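Below: one structure, written as structure tokens.
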């Protein structure tokens, strides 16, 4: 079973240009995920004009009628065209304002400049990067909540993920009992607090492996794991391969 949504990456670019040409109106037969890092650009999506600014994105499904205006001012943007698993459901709107966070911006900077050519295993690396970004965005969408306590818990986890964030520290911050926090979180999120924290750490682990800036043991320690074997088991549980196997695949 392939745990990743993307089956084939047909186009990738991460570029900064003074201007770019118009894309004529056409019906696409692939997914188009494009986001702006600096500047702005305007698309026409199913007849609706949408201007993307810094950290805005479009996510277009096969069958969408797409066009792009000529861009006459400097713009930096990243674009993926791809095919996905037939049973995957992406919970995204066509226009995704301010969805690109700092982690995603840092990740795409690892792949500067051009299309998927000229580098060893470039296609595989860029595909893995896209899968990470999609998982990151799906996690953001799926954890949207109106419960103020859950919203605060999720915010605390995201900001304190590299620290010793636990059920005890979170319940203390909220002035609620551990039992109440545990029950509330499981009811709202469908999983335990510990499982959610570990899932978020594994997403970061994959980010760090892709960047190539730390060894696997350094990543494990950086994420707060005293036992590398435990870290490796959690990674394999989430991605169906060990950190070492994932690192080898990304080379």
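We did not get these values from a lab; they are worked out from the coordinates using the rules stated. Everything quoted here is computed from the prediction, not taken from an experiment. Don't worry about glycine lacking a Cβ; one is built from the backbone with ideal geometry, like all the others, and counts go over all protein chains shown.
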Handout entry: P(r) histogram, all alpha-carbon pairs of the chain included - 5 Å bins from 0, percent
Key = 1, 5, 12, 15, 17, 16, 13, 10, 6, 3, 1, 0
Fill in the blank from the handout: For the chain, longest principal axis from Cα atoms; helix 122-142 axis from its Cα atoms; angle between them, nearest 10 degrees, is 60 degrees
Completion exercise
Nearest 10, in degrees from 0 to 90: the angle of helix 228-239 to the longest Cα principal axis of the chain is 50 degrees
Problem - Listed peptides 74-83, 222-231 by packing density, highest first (mean Cβ within 10 Å) - result: 74-83, 222-231
Exercise for the section: Please give the helix 178-189 orientation as an angle from the longest Cα principal axis of the chain, in degrees from 0 to 90, rounded to the nearest 10. Expected result: 30 degrees
Problem - Radius, Kirkwood style, for the range 148-250 when every pair of distinct Cα atoms is counted (Å) - result: 14.4 Å
Completion exercise
In whole percents, the bins of 10 Å from zero upward hold the Cα-Cα pairs of the range 33-97 as 20, 54, 22, 3
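Translational diffusion coefficient, Stokes-Einstein: compute it for the range 6-114 using the Kirkwood radius over C-alpha pairs as Rh, at 25 °C and 0.890 mPa s, and state it as an integer in µm² s⁻¹.
173 µm²/s
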Practice task
Over all directions, average the projected area of the Cα convex hull of the range 16-57 and note it in nm².
Solution key: 3.3 nm²
Problem - Modelled label reach - residue 151, point 7 Å along Cα→Cβ, the range 181-224 residues with backbone N closer than 19 Å - result: 181, 184-190
